[in-house]
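> To start, I am sharing the structure in question, which I have written as structure tokens.
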Amino acid sequence: MATTTDSTAAELTAVTPAIAPSPGALRRGRRPRAVLWLALPLAFIALIVLIVPALGILPDPHRQHLDETLLPPFFLDGGSMSHPLGTDKLGRDLLSRLVTGGRLTFLIGIVGTIVAIVPGTLIGLLAGYKRGWVDTVVSRFIEAQLALPFVLIALAIIANRGSSLGVLIVVLALTGWAPCARVVRAETMAVRERQFVLGLRAAGASSARIVLRHVLPNLTGVIVVLATLQVGTAILIESALSFLNLGIQPPDISWGQILASGREVLTQAWWISTFAGVAITVVVLLVNLLGDALLSHYDPKKRKF
Amino acid sequence: MTASALQIEDLRIEARLADDTLVLVDGLDLDLRPGEIVGVVGESGSGKTTLVRSLIGLLDKNVTVARGAVRVGGEQVLAPGRDTTASVRGGAIGTVFQDASRSLNPVLKVRAQLREVLKAHKRGISKSEAEERMRTVLRRMQIDDPERVLGSYPHQLSGGQRQRVAIALAVVSEPQIVLADECTTALDVTTQAEVVALFRELVAELGVALVFVTHDLLLAADLCDRVVVMYGGQAAEIGPTRRVLLEPHHPYSAGLLAAVPSWSADGPIRGIEGSAPRVTSAFTGCRFADRCPRATDDCRAAPIPWSGGDERDGYRCIHPLSPAHAPGASPGGPPVTV
């Protein structure tokens with residue numbers, strides 16, 4: 001039991017460093033095979049993106065070769081192994097750009113998740129535990145937030161503040177906290193009615209202690225699942241914004257931005273947008289499947305007691 | 001006379017509803033000395049749980065203390081418009097709840113949960129002292145390997161062990177009063193017997209005063225020095241356990257006793273017809289009158305005074321069963337089997 005718990009916890013922390021699950025929360029159920037099979041390829045991709053650019057085996061992603069523009073990938077006529085996935089319209093190596101751009105995409109996925117999940121969780125805990133007028137106010141804010149179209153918020157902020165990584169993170173925080181707060185609030189309301197909470201109050205524990213030390217660990221499963229799904233959402237949002245030229249600006253590289261830049265030359269060089277799109281799809285799909293696997297792992301019906 | 005550990009005086013607790021005011025506890029007097037075990041018995045809705053909750057300040061928002069006072073160790077903690085029970089909660093008063101498996105946090109180890117209580121009430125206790133005390137309290141709970149239990153999650157323990165841990169949580173801060181709210185209800189009889197023995201030992205060794213809330217009359221008889229029979233928020237009868245069980249004065253006490261299954265007694269078990277009344281603020285007279293075989297018009301006309309000895313031994317009935325205490329009472333009424 002102990003080893004299962006430890007290794008599972010390790011995998012989960014690898015995916016969502018923001019919320020380290022307590023070992024106790026993971027004790028239920030069998031070893032989650034699906035979780036492992038989804039976490040491994042994700043970790044592999046993350047590792048490539050993180051390490052390979054530093055090794056210097058790929059060409060400089062910013063280096064332009066104007067005599068080698070729009071080269072096709074190696075498996076097409078005119079392609080070569082010197083640029084395995086071809087080049088873009090400025091002759092930059094696409095593989096190198098994808099690997100390097102993945103860094104920013106992963107960074108946005110993870111940081112964008114932390115900034116959404118942490119405040120969302122705290123707000124949800126507060127509303128769900130305090131109830132009363134606090135809950136009413138928070139719930140109205142959540143509903144208002146969920147009613148606002150995301151692109152509108154993003155446009156308003158970016159039009160005002162310009163586009164940068166920081167602004168993008170703020171946009172992700174502003175749009176991501178509400179769904180999380182809503183779920184955490186509901187779960188908190190369920191946990192606070194459990195008898196051990198009454199016992200804690202009878203033992204003289206303060207509300208803050210009860211919430212942070214006792215209620216929060218009981219929500220680990222929910223929060224891990226929310227966080228996983230949010231990673232996918234954050235990556236997609238970044239891609240969408242970059243595609244609209246509202247996201248990452250050159251010379252920084254992200255997958256969404258590569259996708260957008262390939263759009264102009266789609267008829268001559270389909271591979272630029274395609275490879276970027278495939279990268280986004282694969283990672284988001286893996287992350288979402290991982291979230292689903294975790295969700296069923298934490299399903300109360302499968303709990304042992 | 002020793003000083004009281006817990007003193008409840010004329011306590012009245014009301015619940016405000018949208019259109020009405022319900023009286024949950026009314027005119028309750030109770031005096032509890034250190035080392036004394038008082039059983040509070042009564043059916044569901046008799047006000048037992050409200051009483052316990054009021055002592056630790058966990059009443060719902062619309063429930064208030066309308067009259068009376070509660071003193072813990074001589075210090076007033078509860079009165080109308082005044083509730084400082086938070087200061088005694090977990091410190092001077094420890095509470096054991098109904099279902100141990102649900103009163104422990106499933107995702108924290110026992111050690112963390114015990115330490116939590118210690119930290120809150122024994123400020124400045126060192127880590128090794130805390131460890132030592134946790135082991136001592138678990139050993140007192142007849143747990144042979146405290147080290148293993150401390151490192152376990154609640155689901156890794158047996159039901160009996162969980163109940164012991166729950167009691168340990170209540171007593172680790174060395175309270176003067178322990179409230180046990182139906183804490184043996186969910187246990188099988190052997191575990192129940194062990195828990196009862198444990199309580200008895202705790203009281204004998206530590207001199208705590210124990211309020212044992214239960215609807216199991218026989219269990220109360222086994223454990224308690226005195227019992228309070230509650231009905232409709234009032235004490236129907238208070239007295240030494242033997243006296244109340246063998247010689248109940250209040251027809252409700254007698255009815256409860258008659259409803260206890262017994263393998264030695266012949267004949268069917270007699271339940272009490274009807275169910276507990278909804279007591280609004282407009283209610284007058286005896287709360288039991290509608291279900292009482294001895295009820296007369298007098299019973300419904302005016303509030304029933306407390307009769308018998310004093311608040312430590314007496315009853316609230318104008319037609320009591322046993323003629324010894326009330327010579328003018330009418331004879332008859334249901335026979336009593338113990």
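> I'd like the full set of residues that are of a type in the set (Val, Ile, Thr) and over 26 Å from A:ARG63 (Cβ atoms), limited to segment A:236-264. Write out each step before concluding.
Filtering segment A:236-264 down to residues of a type in the set (Val, Ile, Thr) leaves A:237, A:248, A:253, A:258.
Matches in segment A:236-264: A:ILE237 only.
> Could you check segment B:165-249 for strands (runs of 3 or more DSSP E) lying wholly inside it with 2 or more residues that are within 14 Å of another protein chain (Cβ to nearest Cβ)? Lay out the reasoning, then the answer.
Working: elements: B:177-181, B:209-214, B:226-231, B:234-240.
Output list reads B:177-181, B:209-214.
> Here is a follow-up. Quick check on my filter: what residues within segment B:43-65 are on the phi > 0 side of the Ramachandran plot, more than 14 Å from every other protein chain (Cβ to nearest Cβ) and in contact with a Leu (Cβ under 8 Å, 6 or more places away or on another chain)?
B:GLY47
> Among the candidates B:VAL96, B:VAL88, B:VAL117, B:VAL137, single out the residue that is within 7 Å of chain A (Cβ to nearest Cβ) and buried (at least 21 other Cβ atoms within 10 Å of the Cβ). It would help to see each step written out before you state the result.
Numbers: B:VAL96 fails: within 7 Å of chain A (Cβ to nearest Cβ); B:VAL88 fails: within 7 Å of chain A (Cβ to nearest Cβ); B:VAL137 fails: within 7 Å of chain A (Cβ to nearest Cβ).
On inspection, the qualifying residue turns out to be B:VAL117.
> What number of residues within segment A:179-193 satisfy the criterion of being of a type outside the set (Asp, Glu), surrounded by fewer than 17 Cβ atoms within 10 Å (Cβ to Cβ) and closer than 24 Å to B:VAL52 by Cα? Spell out how you get there, then give the answer.
Keep residues of segment A:179-193 that are of a type outside the set (Asp, Glu), which gives A:179-186, A:188-192.
From what is left, the residues that are surrounded by fewer than 17 Cβ atoms within 10 Å (Cβ to Cβ) are A:186, A:189-190.
Applying the additional criterion that residues be closer than 24 Å to B:VAL52 by Cα yields A:189-190.
The number of residues fulfilling the criteria is 2.
> Picking from A:LEU212, A:LEU216, A:LEU200, A:LEU241, which residue would you name as being modelled with pLDDT of 85 or more, buried (at least 24 other Cβ atoms within 10 Å of the Cβ) and under 22 Å from B:SER101 (Cα atoms)?
Values: A:LEU212 fails: buried (at least 24 other Cβ atoms within 10 Å of the Cβ); A:LEU216 fails: buried (at least 24 other Cβ atoms within 10 Å of the Cβ); A:LEU241 fails: under 22 Å from B:SER101 (Cα atoms).
Within the list A:LEU212, A:LEU216, A:LEU200, A:LEU241, the selection yields A:LEU200.
> Could you say which residue among A:THR87, A:THR113, A:THR105 is without any contact (Cβ under 8 Å) to a residue 40 or more places away in the chain and β-branched (Val, Ile, Thr)?
Numbers: A:THR113 fails: without any contact (Cβ under 8 Å) to a residue 40 or more places away in the chain; A:THR105 fails: without any contact (Cβ under 8 Å) to a residue 40 or more places away in the chain.
Matching residue, one of A:THR87, A:THR113, A:THR105: A:THR87.
> When you scan segment B:66-85, how many residues do you find that are over 19 Å from the mean Cα position of the chain (by Cα) and within 13 Å of chain A (Cβ to nearest Cβ)? It would help to see each step written out before you state the result.
Residues of segment B:66-85 over 19 Å from the mean Cα position of the chain (by Cα): B:66-67, B:74-76, B:79-84.
When the remaining residues are screened for being within 13 Å of chain A (Cβ to nearest Cβ), the result is B:84.
Number satisfying all stated conditions: 1.
> Tell me, yes or no, whether segment B:250-263 has at least one residue that is modelled with pLDDT under 85 and among the aromatic types (Phe, Trp, Tyr).
Scanning segment B:250-263 turns up at least one residue that is modelled with pLDDT under 85 and among the aromatic types (Phe, Trp, Tyr).
> Looking at B:THR64, B:THR95, can you tell me which residue is modelled with pLDDT of 85 or more and under 24 Å from B:THR184 (Cβ atoms)?
Details: B:THR64 fails: under 24 Å from B:THR184 (Cβ atoms).
The match here is B:THR95.
Every residue, every condition in (1) surrounded by 22 or more Cβ atoms within 10 Å (Cβ to Cβ); (2) under 17 Å from B:SER253 (Cα atoms); (3) basic (Lys, Arg), yes or no:
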{"residue": "B:SER152", "(1), (2), (3)": "no, no, no"}
{"residue": "B:GLN176", "(1), (2), (3)": "no, no, no"}
{"residue": "B:VAL208", "(1), (2), (3)": "yes, no, no"}
{"residue": "B:HIS215", "(1), (2), (3)": "no, yes, no"}
{"residue": "B:ALA220", "(1), (2), (3)": "yes, yes, no"}
{"residue": "B:VAL228", "(1), (2), (3)": "yes, yes, no"}
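> Filter segment B:287-309 down to the residues that are of a type in the set (A, V, I, L, M) and either over 12 Å from B:TYR231 (Cβ atoms) or loosely packed, with under 14 Cβ neighbours inside 10 Å (or both) and list them by number. It would help to see each step written out before you state the result.
Of all residues in segment B:287-309, those of a type in the set (A, V, I, L, M) come to B:289, B:295, B:301-302, B:304.
Listed by number, the residues that qualify are B:ALA295, B:ALA301, B:ALA302.
The values are calculated or read from the model by the stated rules, or taken from the named source; none is laboratory data. These numbers come from a predicted model, not from an experiment. Cβ: placed from backbone, ideal geometry, glycine included. Neighbour counts: every protein chain shown.
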